[in-house]
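Novice: For reference, the structure I am asking about is given below.
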Amino acid sequence: MVKKNPQVLQCIAESDKALDVLGYTEHGIRHVSLVAERVGCMSDALGLDTGVRERAQMAAFCHDMGNFMGRTQHHYWGALLFHQIFSVDMDAEACMKIVQAIANHDKEEMKFTNPEAALVVIADKSDVHRSRVRTQSIEETRKDIHDRVNYATTSSELLYDAEKDIISLTLSIDTEFVPVMEYFEIFTERMAYCRKAAAYLGKNFGLTINNVKML
C-alpha cells in the first residue's frame, strides 16, 4: 500500500532532488528501501509481532519524504504528509504510531514511546555506504567529510546477536581514504541516538569498524 502510493513515491523523488541540490548524500528510493528492509529483519530477529514490523516498515519507507519541504524540519513534514495521505483509510492508533516514528527519527531530544520509532532510528542511522555518494569524481568526494566517510565505507551490516543480546552495526572502512576518526566526527551523535533506541528495545548497541569493537 505504501510502497506503491504515487504521492509517497513522488514525495521521495522530490525530496531526493532537493537534497541533491543542497549537496547531501542519496536519500531516495535506495535509502528508504534499505531502511525498511533492515527494520523488517531486525523486527524478525527480535521476535516482535507482525503489527510492529509492518508499522515500522511503513514509517521507515516514508521517514525522509518531507525533505522537499525543508531539510531542518523534514521529520515533521514527513509525519504530517503521511497523516494527510493515509489517515482516512488507516486505523487511528496504527497511523499515529507511524506518524510518531517518522517524527522521532531525527530528533534526539524525543523520548521513545513505541518500538516502531526505535527500529527506524537504528536502521536509518546504520545506512553508511559509498553507494550514497553523488559526486562524480574522487577529487569532489574528498572535499566533503560526509562524502568521504560514506565513500570509504565499503560494507555496512546491521545484525542482532541473540547470544550476546546486542544490536550491532559492523562497518568496513577504507582507512587509506579516510581515518576512522572522521566517522566519529560526524556520526557520534547518531550512534548515541542508536544506543538510546536499542536501550528502549531492551538491548545493547554495538559498533565494530574493521573488526575492532568501538562501542
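No lab work stands behind these numbers, since they all come straight from the coordinates. This one's a predicted model, so the numbers in the text were calculated from it and none came from an experiment. Neighbour counts run over all protein chains shown; Cβ positions are idealised from the backbone, glycine included.
Novice: Aspartates and glutamates near K17 by alpha-carbon distance under 20 Å, same-chain residues fewer than 8 away left out - which ones?
Specialist: Straight-distance partners of K17: E26, D64, D106, D124, D127, E140, D144, D147.
Novice: What is the distance, in nm, between label points placed 7 Å from the Cα along the Cα-to-Cβ direction at R30 and at K213?
Specialist: Inter-label distance under the simple model: 3.3 nm.
Novice: Next up: May I ask which residue of S33, N211, A198 lies farthest towards the positive end of the charge dipole of the chain, with charges of +1 (Lys, Arg) and -1 (Asp, Glu) on Cβ and the Cα centre as origin?
Specialist: Highest projection toward the positive end goes to A198.
Novice: Using θ = phi - 60° and the Karplus form 6.51 cos²θ - 1.76 cosθ + 1.60, what ³J(HN,Hα) does each residue of segment 113-119 get, whole Hz, x for Gly and Pro?
Specialist: 3J(HN,Hα) across segment 113-119, in whole Hz: 10, 8, x, 4, 5, 5, 5.
Novice: Still on this model: Using θ = phi - 60° and the Karplus relation 6.51 cos²θ - 1.76 cosθ + 1.60, list the HN-Hα couplings for segment 204-209 in order, rounded to whole Hz, with x at every Gly or Pro.
Specialist: 8, 10, x, 10, 10, 10
Novice: Next question, about the same structure. What residues qualify as long-range amide H neighbours of I209, i.e. H under 5 Å apart, gap of 5 or more or another chain, H built at 1.01 Å from N?
Specialist: L171, M214
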